[in-house]
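Q: Pasting a structure here, questions to come.
The values are calculated or read from the model by the stated rules, or taken from the named source; none is laboratory data. Just so you know, these numbers come straight off a predicted model, no measurement behind them. Cβ sites come from the backbone with ideal geometry, for glycine too, and all protein chains shown count toward neighbours.
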Amino acid sequence: MDLSETVRERALDRAVRKAYWRLLPLLFLCYVIAYIDRVNVGFAKLNMQKDLEPQGFTESVFGFGMGIFFLGYLLLEIPGTLLVERWSARKWICRIMVTWGVIAALTAFVREPWQFYTVRFLLGLAEAGFFPGVIVYLTHWFPSRDRTRALAWFLIGTPIAQMVAPPLSEVFMGIGVGDRPPVLGLVGWQWVFIVWGIPAVVLGIVVLATLTDRPRHAGWLSEEERTALEGELERERAEQKARSGHMGVLGALKHPKVLALAAAYFFVVTGNYGVELYMASILQDWYGLDVKKVAYLIIIPPIGSLIGQLFIGWSSDRTRERRWHAALPIVMGALALFLAPASQGQVAVTVGLFTVAMTGLKAYLPAFWALPSLLMTESAAAASIGMINSFGNLGGWVGPSVLGFVKQATQEYRYGLWFLGASMLVSALIIVNLGIGRRAAAVGGRIVADEALPEPA
């Protein structure tokens with residue numbers, strides 16, 4: 001390596017390091033609040049259902065309502081992701097956060113099932129484009145060698161949200177219960193929605209003021225650092241185009257492997273949200289626990305998710321292998337769900353199995369979301385990521401809906417858990433058979449993914 005190449009590499013390393021510290025903490029905080037606003041209904045349900053049962057809030061109503069979020073999510077996901085690629089991540093993420101914060105708070109005032117369905121649908125519309133938009137945004141800042149680790153540090157927002165929200169929400173859940181009177185005429189579950197909606201609005205304004213759209217706009221990088229980072233990202237885009245040719249948005253949306261990734265994501269998300277939105281209810285149903293004990297038990301499984309995501313992100317980047325790093329955690333989580341019903345009566349074993357399940361349901365994410373960029377670049381990649389996330393997230397409607405329906409019909413959670421585990425196994429099989437994301441190889445002194453190699457004669 002000559003002197004100029006060494007200088008460029010050092011400048012690139014400095015630029016990436018600065019981007020980590022400048023961008024990821026803010027994006028991480030945004031994702032924490034996004035996830036809390038999305039899933040705190042699963043915890044609020046413990047008291048909300050009792051209060052609204054006279055209005056017809058059954059298990060199936062909650063399951064359907066918690067899942068209808070993802071139908072709204074579907075409608076604006078691809079346009080929102082393209083706006084991040086072609087317009088401004090900073091402005092679009094700001095809009096998303098302000099509107100979802102307001103709508104999440106409005107959930108406090110629902111009284112009828114149709115109102116619950118409407119607010120959850122609108123919340124999905126409001127949040128659409130945030131998650132895949134950030135995935136696309138990170139491709140504007142991090143070369144492929146660093147991208148999975150950057151994704152991992154962003155994605156740990158979900159387990160952190162799951163650890164932080166329950167104990168804090170439990171403080172508010174006691175309002176209007178027992179000898180604690182309502183505050184301003186509102187009870188605890190209503191305050192949970194209101195209190196967690198406020199940070200989204202505040203962070204949206206912070207995003208508008210501080211987030212930087214592209215390296216060329218970053219005054220906090222030196223000219224040498226900007227040039228090195230932009231040059232590396234452009235080199236990678238050029239190599240990807242040379243391998244796959246030019247592909248438009250429509251071509252990306254009907255690409256067979258994009259469709260397969262969407263199917264894989266659908267089946268694993270079905271398992272993920274089924275567990276997340278019903279874990280508190282399952283523990284309360286199986287063990288008769290009060291809200292406070294449930295709040296502290298459900299923060300244990302996300303610890304496994306946190307460790308799993310960071311490990312998979314590190315290991316996947318180190319080996320440049322994506323496929324098995326995505327599939328094996330999903331299989332592990334599925335097996336835990338199959339075993340969970342047999343643990344009933346032993347709360348420590350149940351929580352342990354849910355911890356293994358949640359580890360598998362989150363650890364795969366950094367490696368999985370590195371796969372679309374192996375197929376295409378720029379607008380085509382943005383559209384494919386948007387479609388994978390939007391159609392895949394319909395599993396977030398299916399999982400809770402099936403679990404709620406089966407529980408109401410059979411008075412058992414076991415059959416629903418087995419359904420979620422089977423769905424996850426289907427996802428793992430699809431990923432393993434995709435033919436992308438295998439271990440990288442050394443060619444001419446450089447590391448390239450095996451899907452970039454020429455086909456054998």
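Q: If you go through the stretch 75-93 one residue at a time, how many are surrounded by fewer than 21 Cβ atoms within 10 Å (Cβ to Cβ) and farther than 16 Å from T139 by Cβ?
A: So the answer is 4.
Q: Considering only residues that are under 16 Å from L26 (Cα atoms) and in a loop (DSSP other than H, G, I, E, B), which ones fall in the stretch 204-242?
A: Pass one, the stretch 204-242, residues under 16 Å from L26 (Cα atoms): 204-214, 218, 220.
Across the stretch 204-242, the qualifying residues are L211, T212, D213, R214, A218, W220.
Q: Would a scan of the stretch 166-189 turn up a residue that is surrounded by 16 or more Cβ atoms within 10 Å (Cβ to Cβ), among the aromatic types (F, W, Y) and under 25 Å from A15 (Cβ atoms)?
A: Within the stretch 166-189, not a single residue is surrounded by 16 or more Cβ atoms within 10 Å (Cβ to Cβ), among the aromatic types (F, W, Y) and under 25 Å from A15 (Cβ atoms).
Q: Of all helices (runs of 4 or more DSSP H) completely enclosed by the stretch 341-427, which ones contain at least 3 residues that are modelled with pLDDT of 85 or more? Break it down into steps so the answer makes sense when it comes.
A: Details: elements: 347-363, 365-368, 378-392, 395-410.
In the stretch 341-427, 347-363, 365-368, 395-410 are the helices (runs of 4 or more DSSP H) which contain 3 or more residues that are modelled with pLDDT of 85 or more.
Q: Kindly provide the set of residues from the stretch 212-225 that are within 13 Å of R14 (Cα to Cα) and surrounded by fewer than 19 Cβ atoms within 10 Å (Cβ to Cβ), ordered by number. Talk me through it step by step, then tell me what you get.
A: Narrowing the stretch 212-225 to residues within 13 Å of R14 (Cα to Cα): 215, 220-225.
Matches in the stretch 212-225: W220, S222, E223, E224.
Q: What number goes with the only condition from (1) more than 17 Å from L277 (Cβ to Cβ); (2) surrounded by fewer than 21 Cβ atoms within 10 Å (Cβ to Cβ); (3) within 18 Å of the chain's Cα centre (by Cα) that L71 does not pass?
A: (1)
Q: Going by what's in this entry, would V164 be described as modelled with pLDDT under 90, assigned to a helix (DSSP H, G or I) and out of contact with any Gly (no Cβ under 6 Å at 6 or more places or on another chain)? Even if it seems obvious, please write down each step before you answer.
A: Numbers: modelled with pLDDT under 90: yes; assigned to a helix (DSSP H, G or I): yes; out of contact with any Gly (no Cβ under 6 Å at 6 or more places or on another chain): yes.
Taking the combined requirement at face value, the residue satisfies it.
Q: Now for a separate question. Which numbered condition trips up C30, out of (1) modelled with pLDDT of 80 or more; (2) surrounded by fewer than 19 Cβ atoms within 10 Å (Cβ to Cβ)?
A: In the conditions (1) modelled with pLDDT of 80 or more; (2) surrounded by fewer than 19 Cβ atoms within 10 Å (Cβ to Cβ), C30 misses (2) alone.
Q: If you don't mind, there's one more thing I want to ask. Going through V192, V134 one at a time, which residue ends up being among the β-branched types (V, I, T), modelled with pLDDT of 85 or more, under 19 Å from V39 (Cβ atoms) and under 16 Å from the mean Cα position of the chain (by Cα)?
A: Numbers: V192 fails: under 16 Å from the mean Cα position of the chain (by Cα).
Exactly one residue qualifies, and that residue is V134.
Q: Looking at L310, L335, can you tell me which residue is of a type outside the set (D, E), farther than 29 Å from T81 by Cβ and part of a helix (DSSP H, G or I)? Can you show your working first?
A: Details: L310 fails: farther than 29 Å from T81 by Cβ.
On inspection, the qualifying residue turns out to be L335.
Q: Test A348 against the criterion of being more than 18 Å from the chain's Cα centre (by Cα), small (G, A, S) and within 15 Å of G421 (Cβ to Cβ), and give yes or no. First the steps, then the outcome.
A: Values: more than 18 Å from the chain's Cα centre (by Cα): yes; small (G, A, S): yes; within 15 Å of G421 (Cβ to Cβ): no.
Considered against the rule, which asks whether it is more than 18 Å from the chain's Cα centre (by Cα), small (G, A, S) and within 15 Å of G421 (Cβ to Cβ), A348 comes out as no.
Q: Here's a follow-up. Looking at the stretch 208-218, can you tell me whether even one residue there is more than 30 Å from V84 (Cβ to Cβ) and polar (S, T, N, Q)? It would help to see each step written out before you state the result.
A: Step one: of the stretch 208-218, the residues more than 30 Å from V84 (Cβ to Cβ) are none.
Within the stretch 208-218, not a single residue is more than 30 Å from V84 (Cβ to Cβ) and polar (S, T, N, Q).
Q: Please determine whether any residue of the stretch 47-65 is touching a Leu at 6+ places or on another chain (Cβ under 6 Å), in a helix (DSSP H, G or I) and surrounded by fewer than 22 Cβ atoms within 10 Å (Cβ to Cβ).
A: Checked against the condition, which is being touching a Leu at 6+ places or on another chain (Cβ under 6 Å), in a helix (DSSP H, G or I) and surrounded by fewer than 22 Cβ atoms within 10 Å (Cβ to Cβ), the stretch 47-65 yields no hits at all.
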